[in-house]
Amino acid sequence: MPSAFLLRQFIRANKILKAVRKLNIRKDAVFETLMDRLEENGISMVDFHCLSIEESAYLEVFFDSEILPLLSPTIVGKRQLFPFLKISDASYKKCRY
């Protein structure tokens, strides 16, 4: 027979999984709406493997120069302050314009 502790952990895990399922449904709906609105403005996702050599080369250069500098892994926890951007930060200016 499982201990009371294990039973509580099992119940807690099931509640978390149920909440995650609901959040995933909401996330998927928002994603679909966002993708539809982007497509209305001429922006769509493409399969990188279906592009021509010229298209993939262009997108690699674009990603490396315009997107990658804005990405950075961030760990936020109870003891870490959230890394707010300063207005003078170059990446903020790049993203803003």
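Values quoted throughout were computed directly from the atomic coordinates according to the rules given, and no laboratory measurement underlies them. Fair warning: this is a prediction, and the values are worked out from it, not measured in the lab. Neighbour counts are summed over all protein chains in view; Cβ atoms, including those assigned to glycine, are modelled from backbone coordinates with ideal geometry.
In table form, for the structure just shown:
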| read-out | value |
| --- | --- |
| Estimated inter-spin distance, PHE31 and SER44, nm [label 7 Å along Cα→Cβ] | 1.8 nm |
| Note, ³J(HN,Hα) from phi for region 18-26, Karplus 6.51, -1.76, 1.60, rounded to Hz, x at Gly and Pro | 5, 5, 5, 4, 5, 5, 5, 4, 4 |
| Gain on full stretching of the segment that runs from SER72 to ALA13 - 0.36 nm per residue minus C-alpha separation | 18.2 nm |
